[in-house]
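Shown next, in structure tokens, is the structure this report addresses.
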């Protein structure tokens, strides 16, 4: 009798995972054959541990780490309590500063402890699985049909530490085309993804000596960690190892490394295609641009203009930002806008990422200058990609109109899956725990369809959930085309980052563009509105009209070098 191993053979998991609200999982047979085929292809991909990367990671950890995004082995030292005499001599403001600095150190130590735990779990799993010929990661859908691996810590959608530890079990000769895409991937991992493809290749060729030295002696020659510190150092190290093999064996090298290409602010790409908006398509590289466009830099440039105008009006917060509005300052806010980030969300990003600390020395003013820059970023996005904001507003108003009549919002994504957004109210149940005594009760929340839908969540969730359902459809359609037409069998897929073997990247790139073009060849927004009207009209529900669409021909994406790159 064959010996079966693996917990997921005996543990049942729902195909559509849910939180407190069932959403799509409340429907009968909502998943299309297209999506089922895609998720099966992704979870049938065989993986293995990247041994050389694991060795480096373990040695660095044994040496105390603190490099290449690895947490330090030791916590930050907390200063000794100040003697009463010295404390009493401080002003109230000085005491606040001392308390703030100590509180910050405690917070950073807590974060470090969490990162250490996560790293150690990854290392333990990798050591355990190191000699396995093939590892598989079962996946589930969320209610928008985004695909996620069930195993935590070490999986193909992990952080750089996790992804760097994995490679495909199946190997393929790299070929000349594969070497090209390996070099593009290496440059991307090192943070050079803003360059043209030609310049990324040149960057790798110019730094080939450093790359080969890093592969030969990664513990002492830490150039690889320094150059990719702000991006994906261990994925870059894996690419360095791979390039060293190519240097030795050439096109016949058997490659197991996943090569990734990322969309340019993928949410705005979908919104630009929905609105047939040439301006947005150019800004997000959906159009066949001769040179790579950078939506984040465009927004940063626009924001600088607004700040300059406000400085001239005597605005104090604007003056603090003068000359300091960079691409990095606006990037997270722009990236998360299509997914429903709130004003508070962008403000907290600016503070947490340290941008405000670089602008004002007085930490008590952090939120004040962050509030100002949040408003500037939101205005800049609206003015740079106006159709995207209009479509998001339309989706919000439509969902609000349905919610007023107690109706969840339903639609089909481009892969034929039915999606339901239904944030019903929750019932609370107080449960006595085994600890005993009334103080040890806990509260359990369960969805209650007899309660009203949450108006705020229905409204705020509609635009991001719709866009997520469309990017999920794009992934599913791309995978299926790769399987049916090109015969691909290994996939590394992370929502807006698609990957396969280096030699098969030309096929994957063609599939990415062909499916996106097919998705948006018609009036997708108009068809969506028509389907909503079929529900609303018989009930007398008035829906907002969708924004006017432009004349951009989305088929142009098939000629776009930088759409995913």
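In the stretch 3-12, is there at least one residue being more than 23 Å from the chain's Cα centre (by Cα) and surrounded by 15 or more Cβ atoms within 10 Å (Cβ to Cβ)? Spell out how you get there, then give the answer.
Looking only at the stretch 3-12, we keep the residues that are more than 23 Å from the chain's Cα centre (by Cα), and these are 3-12.
In the following step, the residues that additionally are surrounded by 15 or more Cβ atoms within 10 Å (Cβ to Cβ) were identified as none.
No; the residues of the stretch 3-12 include none that is more than 23 Å from the chain's Cα centre (by Cα) and surrounded by 15 or more Cβ atoms within 10 Å (Cβ to Cβ).
Restricting to the stretch 299-324, and then to whatever is within 15 Å of residue 366 (Cα to Cα) and within 33 Å of the chain's Cα centre (by Cα), can you tell me which residue is surrounded by the most Cβ atoms within 10 Å (Cβ to Cβ)? It would help to see each step written out before you state the result.
Keep residues of the stretch 299-324 that are within 15 Å of residue 366 (Cα to Cα), which gives 316-321, 324.
Subset that is within 33 Å of the chain's Cα centre (by Cα): 317-321, 324.
Numbers: 317: 20, 318: 21, 319: 13, 320: 19, 321: 25, 324: 14.
That would be 321.
If you check residue 403 against the conditions, is it part of a strand (DSSP E or B), over 25 Å from the mean Cα position of the chain (by Cα) and touching a residue at least 24 places away in the same chain (Cβ under 8 Å)? Talk me through it step by step, then tell me what you get.
Values: part of a strand (DSSP E or B): no; over 25 Å from the mean Cα position of the chain (by Cα): yes; touching a residue at least 24 places away in the same chain (Cβ under 8 Å): yes.
Taking the combined requirement at face value, the residue does not satisfy it.
So which residues in the stretch 514-542 are surrounded by 18 or more Cβ atoms within 10 Å (Cβ to Cβ) and part of a loop (DSSP other than H, G, I, E, B), if there are any at all?
520
Being surrounded by 22 or more Cβ atoms within 10 Å (Cβ to Cβ) and in a helix (DSSP H, G or I) is the filter here; which residues of the stretch 376-388 pass it? Full working, then the answer.
Taking the stretch 376-388 first, the residues surrounded by 22 or more Cβ atoms within 10 Å (Cβ to Cβ) are 376-377, 380-381, 385, 387-388.
Those that are surrounded by 22 or more Cβ atoms within 10 Å (Cβ to Cβ) and in a helix (DSSP H, G or I): 376, 377, 380, 381, 387, 388.
Testing residue 424 on (1) surrounded by fewer than 18 Cβ atoms within 10 Å (Cβ to Cβ); (2) more than 24 Å from the chain's Cα centre (by Cα), one condition comes back false. Which one is that?
Unmet for residue 424, out of (1) surrounded by fewer than 18 Cβ atoms within 10 Å (Cβ to Cβ); (2) more than 24 Å from the chain's Cα centre (by Cα): (1).
Take residue 351 and tell me if it is outside any strand (DSSP E or B), free of Cβ contacts under 8 Å to residues at least 24 places away in the same chain and within 27 Å of residue 495 (Cα to Cα).
On the way: outside any strand (DSSP E or B): yes; free of Cβ contacts under 8 Å to residues at least 24 places away in the same chain: yes; within 27 Å of residue 495 (Cα to Cα): yes.
Criteria met by residue 351.
Conditions first: (1) more than 30 Å from residue 423 (Cβ to Cβ); (2) at pLDDT 95 or above. Residue 30 passes all but one, so which condition is the exception?
Status for residue 30: all satisfied but (1).
Residues checked against (1) surrounded by fewer than 20 Cβ atoms within 10 Å (Cβ to Cβ); (2) in contact with a helix residue (DSSP H, G or I) (Cβ under 8 Å, 6 or more places away or on another chain); (3) modelled with pLDDT of 95 or more; (4) part of a helix (DSSP H, G or I):
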| position | (1), (2), (3), (4) |
| --- | --- |
| 462 | no, yes, yes, yes |
| 465 | no, no, yes, yes |
| 468 | no, yes, yes, yes |
| 477 | no, yes, yes, yes |
| 486 | yes, yes, yes, no |
| 489 | yes, yes, yes, no |
| 498 | no, yes, yes, no |
| 506 | yes, yes, yes, yes |
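Could you name every one of the helices (runs of 4 or more DSSP H) located completely within the stretch 83-201 that has at least 2 residues being surrounded by fewer than 19 Cβ atoms within 10 Å (Cβ to Cβ) and not assigned by TED's automatic domain parsing to the domain that holds residue 504? Before you say what the answer is, go through the steps one by one.
Values: elements: 84-88, 92-129, 160-164, 175-189.
Filter on the stretch 83-201 gives 84-88, 92-129, 175-189.
At pLDDT below 95, assigned to a helix (DSSP H, G or I) and assigned by TED's automatic domain parsing to the domain that holds residue 106: does that describe residue 61? Don't jump to the end; show me each part of the working.
Values: at pLDDT below 95: no; assigned to a helix (DSSP H, G or I): yes; assigned by TED's automatic domain parsing to the domain that holds residue 106: yes.
Against the criterion (at pLDDT below 95, assigned to a helix (DSSP H, G or I) and assigned by TED's automatic domain parsing to the domain that holds residue 106), residue 61 does not qualify.
Would you say residue 411 is at pLDDT 95 or above and either in the same structural domain as residue 309 (by TED's automatic domain parsing) or within 25 Å of the chain's Cα centre (by Cα) (or both)? Write out each step before concluding.
Values: at pLDDT 95 or above: yes; either in the same structural domain as residue 309 (by TED's automatic domain parsing) or within 25 Å of the chain's Cα centre (by Cα) (or both): yes.
Criteria met by residue 411.
From the set of residues in the stretch 208-221 that are touching a helix residue (DSSP H, G or I) at 6+ places or on another chain (Cβ under 8 Å) and surrounded by fewer than 20 Cβ atoms within 10 Å (Cβ to Cβ), which is nearest to residue 263 (Cα to Cα)? Spell out how you get there, then give the answer.
Looking only at the stretch 208-221, we keep the residues that are touching a helix residue (DSSP H, G or I) at 6+ places or on another chain (Cβ under 8 Å), and these are 208, 210-216, 218-219, 221.
Now drop any that are not surrounded by fewer than 20 Cβ atoms within 10 Å (Cβ to Cβ), which leaves 208, 210, 212-213, 216, 219, 221.
On the way: 208: 27, 210: 28, 212: 29, 213: 31, 216: 32, 219: 33, 221: 32 Å.
So the residue we want is 208.
Would you check if residue 295 is touching a residue at least 24 places away in the same chain (Cβ under 8 Å), over 30 Å from residue 552 (Cα atoms) and crowded, with 17+ Cβ neighbours inside 10 Å? Steps first, please.
Working: touching a residue at least 24 places away in the same chain (Cβ under 8 Å): yes; over 30 Å from residue 552 (Cα atoms): no; crowded, with 17+ Cβ neighbours inside 10 Å: yes.
No, not satisfied.
The values are calculated or read from the model by the stated rules, or taken from the named source; none is laboratory data. Please read these numbers as outputs of a predicted model, since none were measured by experiment. For neighbour counting, all protein chains shown are included, and Cβ atoms are generated from backbone atoms with ideal geometry for every residue, glycine included.
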